[in-house]
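One structure below.
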Amino acid sequence: MTRPRAICLISGGLDSMLAAKVVAEQGVDVEGVNFFTGFCVEGHTQAIRSSQSDKVKRHGALWVAEQIGIKIHIEDIVEDYKDVVLNPKHGYGKLLNPCLDCKIFMVNRAMEMKSSDGYPYDFVVTGEVIGQRPKSQRSNTMSIVAKESGVEDRLLRPLCAKHLPPTLPERKGWVNRDELFDFSGRTRKPQFELARKFGITEWSQPAGGCCFLTDESYSNRLNDLWQSRKVRDYEFEDIVLLKVGRHIRPTEEFKVIIARDEGESNYLQGFKKQFKTIQLVSHTGPVSLFDGIASESNLHLASQIIARYSKGRNADNVLVSITDESGVSRDLTIEPLPAHEIEQNWHIGI
């Protein structure tokens with residue numbers, strides 16, 4: 001007989017790792033899928049920031065698949081995912097997180113995929129746990145995901161299956177319900193205990209949470225982007241830039257993005273053909289981008305702010321270089337803005 005095939009949504013966290021392992025242990029051919037939305041926490045920030053150089057730089061989902069011995073697909077859904085972020089049918093969570101619509105979208109996309117040998121999957125597996133997430137992982141939303149994704153009872157949540165009606169994989173005998181679990185709530189202790197039973201000793205920290213849209217600072221920056229442009233839209237580079245540097249908006253007319261370390265300075269250099277860049281000449285300082293109306297007064301104020309985050313912060317005057325998108329530069333002598341004149345509400349996020 002052909003073994004049943006399942007596709008498991010792999011975020012890189014512990015829950016999806018355990019869910020895939022539980023099903024694979026029952027003799028199901030399990031493959032993983034990781035959907036790249038552009039809002040993922042892992043990846044860009046670890047690679048960019050010098051201050052995180054001591055952290056292991058790895059793709060969490062690929063690492064999980066290697067640890068539990070399954071094949072994995074990495075799917076770029078940046079463009080298709082836009083409508084989920086901009087127009088979520090079920091609205092946002094506490095911030096700009098469209099968690100319920102996101103789960104519906106990903107479960108549907110997973111079921112439409114084919115396995116590595118070209119066959120359709122028999123069912124979809126997720127690491128969801130009832131009560132763990134306030135927006136998408138409640139008892140009443142579990143059925144919504146199954147129904148609106150079109151997967152219906154081919155959606156199996158091994159970690160909390162005993163709190164839910166039996167699914168097709170259970171009724172068909174593809175998996176044994178007695179070997180599934182009844183986890184619930186926000187406690188992580190049952191997952192940690194199960195991980196130890198499987199011999200799993202390492203997982204992403206903190207467990208769970210893999211999307212910047214659940215981060216208050218990031219959501220504030222995205223809201224600011226929409227308000228400043230007067231249109232709710234974004235490109236991939238926009239959402240990556242929102243993860244990098246200090247974002248300071250002293251007026252509605254412009255903001256500056258100031259690198260926090262050498263890694264971010266190197267990264268922001270890559271945007272010099274899309275933004276004006278401001279960099280200190282007389283002192284060591286960060287590379288910074290200027291985004292907005294480039295009037296003389298705005299450029300002067302932006303330069304003063306940037307100087308405050310340089311080695312010349314206490315100097316009477318510093319020399320900065322302002323380079324436009326075509327590569328033409330000019331120097332400007334300015335006085336660094338005193339710290340007390342940089343209003344707290346100028347900072348967008350942290």
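Based on Cα contacts under 8 Å between residues 6+ apart, the range 204-329 shows a relative contact order of 21 percent.
Note that the chain presents 48 Å² accessible area per residue, ligands and nucleic acids not counted, probe 1.4 Å.
Within the straight-line cut-off of under 23 Å between alpha carbons, the lysines reachable from Lys21 are Lys71, Lys103, Lys114, Lys162, Lys172, Lys189, Lys197, sequence neighbours fewer than 8 places apart in one chain being disregarded. If you wrap the tightest convex hull around every Cα atom of the chain and split its volume per residue, you get 146 Å³. Extension gain, Val281-Ser326: 0.36 nm per intervening residue step, less the Cα-Cα distance, totals 14.3 nm.
Between Asp182 and Asp76, the distance separating the two model label sites (each 7 Å from Cα on the Cα→Cβ line) works out to 4.6 nm.
Got a number for the accessible area of Trp63? Probe 1.4 Å, square angstrom, nearest 10. The accessible area comes out at roughly 30 Å². Sorting 267-280, 188-201, 244-257, 5-18 by average packing, meaning the other beta carbons within 10 Å per residue, from highest down gives 5-18, 244-257, 267-280, 188-201. Expressed as a whole percent, the accessible area of the range 261-318 that falls on carbon and sulfur atoms is 45 (1.4 Å probe).
Among 78-86, 121-129, 323-331, sorting by the average number of other beta carbon atoms lying within 10 angstrom of each residue, highest first, gives 121-129, 78-86, 323-331. When a/c is below 1.5 the answer is rounded, else prolate if a/b is larger than b/c, else oblate, so apply that to the range 220-325 with a ≥ b ≥ c taken from the square roots of the Cα gyration tensor eigenvalues. Prolate. Take the Kirkwood radius over Cα pairs of the range 58-201, plug it into Stokes-Einstein at 4 °C and 1.567 mPa s, and you get 78 µm²/s for translational diffusion.
The values are calculated or read from the model by the stated rules, or taken from the named source; none is laboratory data. Note that the structure is predicted; figures quoted are calculated from it, not measured. Methodologically, a virtual Cβ is constructed for each residue, glycine included, from the backbone with ideal geometry; neighbour enumeration extends over all protein chains shown. Accessible surface areas use protein heavy atoms only, side chains included; no ligands, DNA or RNA. Shrake-Rupley method; radii C 1.70, N 1.55, O 1.52, S 1.80 Å.
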